[in-house]
Amino acid sequence: MAIHPTAVLELGAQVDPACEVGPYAVIGAGVRMGPGNSVGPHAVIFGQTTVGAQNRIFPHAVLGGVPQDLKYRGEPTALVIGDRNTFREFTTVSLGTAGGGGVTRIGNGGLFMANSHVGHDCQVGDGAIIANSVAVAGHVLIEDHVHIGGVSAVHQFCRIGRFAFVGGMTGVAMDVAPFCTVAGARAEMAGVNVVGMQRAGLAEEAIGRIKQAYKVVFRSNLGLQEAIAELSDELSGYPEIDHFIEFLKGSQRGITR
């Protein structure tokens, strides 16, 4: 274990011997860290936080901080982080709250750029790219392989579907459907995230079906429920379309259109 002599590991912290901890970093008593993690100078990891393997935590990042929620009263809540994530300088990720399920969760292979924030009780899937100065409020669901452009903000309780792309400086106040791109000061639908899906290796046939589904929902004169019914009749049975349909059905805040 390579721990700088100025680093502080509180009594009870469990840090795998294959970790590196830089100068003046602080690791709290409730933290558990797997192998291969790198903690930069002045980074802080608090609370009941579990960190998987091979994460890179850059200087001044704060993971497991107290939720920015006035209802929080010190309840024993948690932050769970997967493997191979990168948290750049001044990134913050909060613990969960008792009223929100108790756990903030980060998947695997994500990139959280400088000054980004992930609020309490968020559930972030694999392969997320959260760009500089993005603010994600509490209780947000971000599915796998979502990209959010710089200086964007996501309202609490929103959902962003897998392979969605949120343009820079975008305000997300309603759900963003899977495979889609939104942009604008108040997010508006801007098309299908073809480039993102191609880079991820989705088959052209699957991308073609997603384009068809997009046209039915977002480029026809059908209401949302009518569009869902048409998709169910004509395109259901394919995994990407079934997920698309279920996401639309599950919306509580409404779908960005």
Enumeration of residues in the range 115-126 that are over 23 Å from Tyr72 (Cα atoms) and either outside any loop (DSSP other than H, G, I, E, B) or in contact (Cβ under 8 Å) with a residue 40 or more places away in the chain (or both): Asp126
Candidates Pro67, Pro5, Pro76, Pro59, filtered to the one that is buried (at least 20 other Cβ atoms within 10 Å of the Cβ), in a loop (DSSP other than H, G, I, E, B) and out of contact with any helix residue (DSSP H, G or I) (no Cβ under 7 Å at 6 or more places or on another chain): Pro67
Qualifying residues in the range 139-166 (those that are among the aliphatic types (A, V, I, L, M) and more than 21 Å from Gly201 (Cα to Cα)) - the one surrounded by the fewest Cβ atoms within 10 Å (Cβ to Cβ): Val151
Odd one out for Arg56 among (1) farther than 21 Å from Cys19 by Cα; (2) of a type in the set (D, E, K, R); (3) in contact with a strand residue (DSSP E or B) (Cβ under 9 Å, 6 or more places away or on another chain): (1)
Flag if Ile129 is crowded, with 23+ Cβ neighbours inside 10 Å and either out of contact with any Phe, Trp or Tyr (no Cβ under 6 Å at 6 or more places or on another chain) or without any contact (Cβ under 8 Å) to a residue 24 or more places away in the chain (or both): no
Lone qualifier among Val39, Val62 - being under 20 Å from Thr92 (Cβ atoms) and within 20 Å of the chain's Cα centre (by Cα): Val62
Search result, residues across the range 144-161 that are outside any strand (DSSP E or B), under 12 Å from Gly125 (Cα atoms) and without any contact (Cβ under 8 Å) to a residue 60 or more places away in the chain: Asp144, His145, Val146
Matching residues, the range 153-184, being among the polar types (S, T, N, Q) and under 13 Å from the mean Cα position of the chain (by Cα): Gln156
Among the candidates Ala213, Ala173, residue that is touching a His at 6+ places or on another chain (Cβ under 7 Å), within 17 Å of Leu248 (Cα to Cα) and of a type outside the set (Asp, Glu): Ala173
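Each row is one residue, and each column tells you yes or no for (1) over 19 Å from Asp16 (Cα atoms); (2) not aromatic (Phe, Trp, Tyr).
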residue	(1), (2)
Pro41	no, yes
Phe46	no, no
His60	yes, yes
Gly82	no, yes
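Per-residue answers, yes or no, for (1) of a type in the set (Val, Ile, Thr); (2) touching a residue at least 40 places away in the same chain (Cβ under 8 Å); (3) closer than 16 Å to Thr104 by Cα:
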| position | (1), (2), (3) |
| --- | --- |
| His4 | no, no, no |
| Pro17 | no, no, no |
| Pro41 | no, no, no |
| Val44 | yes, no, no |
| Leu63 | no, no, yes |
| Tyr72 | no, yes, yes |
Cβ-Cβ under 8 Å pairs, at least 6 apart or on other chains, the range 162-180 side without any contact (Cβ under 8 Å) to a residue 24 or more places away in the chain and on the phi < 0 side of the Ramachandran plot, far side part of a strand (DSSP E or B) and of a type in the set (Ser, Thr, Tyr): Val166/Thr181; Gly167/Thr181
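The numbers here are math on the coordinates, done by the rules we state, and not lab data. Computed from a predicted structure; not experimentally measured. Cβ coordinates were reconstructed from backbone atoms using ideal geometry, including for glycine residues, and neighbour counts include every protein chain displayed.
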